[in-house]
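The values are calculated or read from the model by the stated rules, or taken from the named source; none is laboratory data. Worth saying up front: this structure is predicted, and the values here are computed from it rather than measured. A quick note on method: Cβ atoms are made from the backbone with ideal geometry, for glycine too, and the neighbour counts reach across all protein chains shown.
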Amino acid sequence: MSANKLHVYNTLTRKKEVFTPITPGFVGMYVCGPTVYGHAHLGHSRPAVTFDLIFRYLKHLGYKVRYVRNITDVGHLVADADQGEDKIAKQAKISKLEPMEVVQHFTNSYHKNMDQLNVLPPSIEPTATGHIIEQIHIVEKILEQGYAYVSMGSVYFDVEKFASKYNYGKLSGRKTEDLKANTRELEGQDEKRSSLDFAIWKKAQPEHIMRWPSPWSEGFPGWHTECVAMSTKYLGKKFDIHGGGMDLLFPHHEAEIAQSCAALGHDSVNYWLHNNMITINGQKMGKSLGNFITLDEFFSGMHDLLEKAYSPMTIRFFILQAHYRSTLDFSNEALESAEKGLERLLKAAALLEKIKPTEKSSVSFEQAEENCYNAMNDDFNSPIVIANLFDLVKVINSIVDGKETIDLPNLDKLKSLFNTFVFNILGLTQEENSDNSNNLLNGVVDLLLNVRMDAKASKNWDVADKIRNELSDLGFEIKDKKDGFEWELK
Ligand code: ZN
């Protein structure tokens, strides 16, 4: 393995830094998980695949990794503001379900999609509703330190007081003066001292279903508090990596830093890592834009914007083909070329298993190995890894064609290098090729119908009718034509 050290880009310092864990050999990593009020869509796949790559690589380097990814099942209001309805409660009302039924349903669906994408489950998956007491403790600590105030049963974080001692905005690069100029006074803000303040405990309105007792009111925690409570509970007051999508930088992660500084007196996180956003045909994703495509829709092809179905591995490979900090634009053309690339890679992996070593070797792989590790050590640069793997695909094909030779030690090396990166680190898998099985089915049905034509030609009506009837029973619709036949599976 390369002696080069792992470097990660820290959003907080805006620099690549040598990764040094707090406890040698152990990494604590927290990633903001989904809010479970709808099916997982494309936007969910990028943080999941990005931090799965990071999780896999850290483990590959020999670290023991405790990866915590939460489920937000309360306290995330529509428009992510302090006013409005709980997203989960709103969905529960629409579908006439208990809010926890909504949560369970979409959590199950999220897990199914993550399995399809070959995303490893985290070490701990805590839920916000399972940690109300811990969140109340955080609110109490912030109040004790004087960085929050109670107003009409709700508790608000006092941003201006906090900013007089700490740097509010250091993660997102926003300044409090600019923020203040940009926030409009909204209805209900008279409870707050400043429009910058955010709720860390909210008194529930009578119609609000999800509510818990607290020292201040029957209510619910603010969204930003859950991640502070759960990350520090499972990873300690200081931990290594906190990740999430760039859309969470502000206000969510900024507010997390403010709360841990206010409650604990210091930052909890050493390295902040953020994946960039996904666009579709150059446009931001949004429900109102009609380009909100769920993962299930990608896998089935059932969406107006999709020309066909794309397999989970195609989506995973497509995400990995871009560096996690670059933007990524989805289009049918781009996905089709990802599909072809993936096929080439996986075909080479299968060919590799069949190669027989010779006495002499015309190839060696030290340089390729170093390139792959250097790329991963340079802030998890998966596109460079993939480019190097494609160079290896060429070598594999040349060996198969007899243009190059390989001896046993080099063959072992090539297998270990190729399989480690393709399967263990990038997390790709050989999918059951549905195109292939479709082709097989088409071939077999055509063969049977040709036998039937021959039978008819030799007036063997029993055989001809038997084939026709049994295929119809199986759901095939057969139409006889002048020069042959047509069939369809109904
Ligand atoms: Zn979070």
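Pull up region 253-310, narrow it to residues that are part of a loop (DSSP other than H, G, I, E, B) and within 16 Å of the ligand (Cβ to nearest atom), then point me to the one that is nearest to the chain's Cα centre (by Cα). So that I can check it myself, show each step before the final result.
The first filter runs over region 253-310 and keeps only residues part of a loop (DSSP other than H, G, I, E, B), leaving 265-268, 276-277, 281-282, 285-286, 290-293, 301-310.
This time we only want the ones that are within 16 Å of the ligand (Cβ to nearest atom), so: 267-268.
Working: Asp267: 26, Ser268: 24 Å.
The qualifying residue nearest to the chain's Cα centre (by Cα) is Ser268.
Any idea how many residues of region 224-235 are within 11 Å of the ligand (Cβ to nearest atom) and either closer than 23 Å to Pro24 by Cα or in contact with a His (Cβ under 7 Å, 6 or more places away or on another chain) (or both)?
5
With Glu333, Glu366 as the choices, which residue is within 30 Å of His7 (Cα to Cα) and loosely packed, with under 14 Cβ neighbours inside 10 Å?
Testing whether each residue is within 30 Å of His7 (Cα to Cα) and loosely packed, with under 14 Cβ neighbours inside 10 Å leaves just Glu366.
Taking the options Lys112, Lys96, Lys161, Lys141, name whichever one is in a loop (DSSP other than H, G, I, E, B), assigned by TED's automatic domain parsing to the domain that holds Gly236, out of contact with any strand residue (DSSP E or B) (no Cβ under 8 Å at 6 or more places or on another chain) and among the charged types (D, E, K, R).
One residue alone meets the criteria, Lys96.
Is there a residue in region 236-247 that is within 16 Å of the ligand (Cβ to nearest atom) and assigned to a helix (DSSP H, G or I)?
Yes.
Tell me which of these Thr72 doesn't satisfy, since it passes every other one: (1) more than 16 Å from the ligand (Cβ to nearest atom); (2) of a type in the set (Val, Ile, Thr); (3) surrounded by fewer than 22 Cβ atoms within 10 Å (Cβ to Cβ).
So Thr72 meets the others, but not (1).
Given (1) of a type outside the set (Gly, Ala, Ser); (2) buried (at least 22 other Cβ atoms within 10 Å of the Cβ); (3) more than 16 Å from the ligand (Cβ to nearest atom), where does Pro221 come up short, assuming only one miss?
Only one criterion in (1) of a type outside the set (Gly, Ala, Ser); (2) buried (at least 22 other Cβ atoms within 10 Å of the Cβ); (3) more than 16 Å from the ligand (Cβ to nearest atom) is unmet by Pro221, namely (3).
Counting only residues that are closer than 22 Å to Cys32 by Cβ and without any contact (Cβ under 8 Å) to a residue 60 or more places away in the chain, how many does region 121-155 have?
5
Does Ala322 satisfy the criteria of being hydrophobic (A, V, I, L, M, F, W, C) and either out of contact with any Ser or Thr (no Cβ under 9 Å at 6 or more places or on another chain) or assigned to a helix (DSSP H, G or I) (or both)?
no
Hey, can you tell me all the residues within region 12-35 that are touching a strand residue (DSSP E or B) at 6+ places or on another chain (Cβ under 6 Å), buried (at least 21 other Cβ atoms within 10 Å of the Cβ) and within 22 Å of Met277 (Cβ to Cβ)?
Of everything in region 12-35, those that are touching a strand residue (DSSP E or B) at 6+ places or on another chain (Cβ under 6 Å), buried (at least 21 other Cβ atoms within 10 Å of the Cβ) and within 22 Å of Met277 (Cβ to Cβ) turn out to be Met29, Tyr30, Val31, Cys32, Gly33, Thr35.
Report, ordered by the first and then the second residue, all pairs with beta carbons closer than 7 Å, sequence separation of six or more or different chains, a first member in region 96-116 that is within 13 Å of Ile71 (Cα to Cα), and a second member that is acidic (Asp, Glu).
Listed pairs, sorted by first residue: Val103/Asp73.
Let me confirm something: among Gln145, Gln135, which residue is within 23 Å of Gly236 (Cα to Cα) and touching an Asp or Glu at 6+ places or on another chain (Cβ under 7 Å)?
Gln135
Suppose we filter region 254-270 for residues that are farther than 17 Å from Lys233 by Cα and out of contact with any helix residue (DSSP H, G or I) (no Cβ under 8 Å at 6 or more places or on another chain); how many remain?
Residues flagged as farther than 17 Å from Lys233 by Cα and out of contact with any helix residue (DSSP H, G or I) (no Cβ under 8 Å at 6 or more places or on another chain) within region 254-270 amount to 1.
Within region 17-69, how many residues are part of a strand (DSSP E or B), within 16 Å of the ligand (Cβ to nearest atom) and touching a Ser or Thr at 6+ places or on another chain (Cβ under 7 Å)? First the steps, then the outcome.
Step one: list which residues in region 17-69 are part of a strand (DSSP E or B), which gives 17-18, 23, 26-31, 35, 41, 64-69.
Pick out the ones that are also within 16 Å of the ligand (Cβ to nearest atom) and you get 28-31, 35, 67-69.
From what is left, the residues that are touching a Ser or Thr at 6+ places or on another chain (Cβ under 7 Å) are 30, 35, 67-68.
Residues that pass the stated criteria total 4.
Determine the pairs where a residue that is free of Cβ contacts under 8 Å to residues at least 24 places away in the same chain and over 12 Å from Ser260 (Cα atoms), located within region 210-234, has a partner that is among the basic types (Lys, Arg) and away from the ligand (no atom under 11 Å from the Cβ) with Cβ atoms under 6 Å apart, the partner being 6 or more residues away or on another chain.
Glu218/Arg211
Among Leu411, Leu426, Leu417, Leu449, which is the only one that is more than 44 Å from the chain's Cα centre (by Cα) and either at pLDDT 90 or above or among the hydroxyl-bearing types (Ser, Thr, Tyr) (or both)?
Details: Leu411 fails: more than 44 Å from the chain's Cα centre (by Cα); Leu426 fails: more than 44 Å from the chain's Cα centre (by Cα); Leu417 fails: more than 44 Å from the chain's Cα centre (by Cα).
Matching residue, one of Leu411, Leu426, Leu417, Leu449: Leu449.
Which ones in region 1-14 are under 21 Å from Pro383 (Cβ atoms) and either more than 23 Å from the chain's Cα centre (by Cα) or within 16 Å of the ligand (Cβ to nearest atom) (or both)?
Met1, Ser2, Asn4, Lys5, Thr11, listed by residue number.
Would it be correct to say that Leu171 is within 16 Å of the ligand (Cβ to nearest atom) and of a type outside the set (Phe, Trp, Tyr)? Talk me through it step by step, then tell me what you get.
Numbers: within 16 Å of the ligand (Cβ to nearest atom): yes; of a type outside the set (Phe, Trp, Tyr): yes.
For Leu171, the condition - within 16 Å of the ligand (Cβ to nearest atom) and of a type outside the set (Phe, Trp, Tyr) - is met.
Only one of Asp401, Asp407 is of a type in the set (Asp, Glu) and without any contact (Cβ under 8 Å) to a residue 12 or more places away in the chain. Can you tell me which?
Asp401
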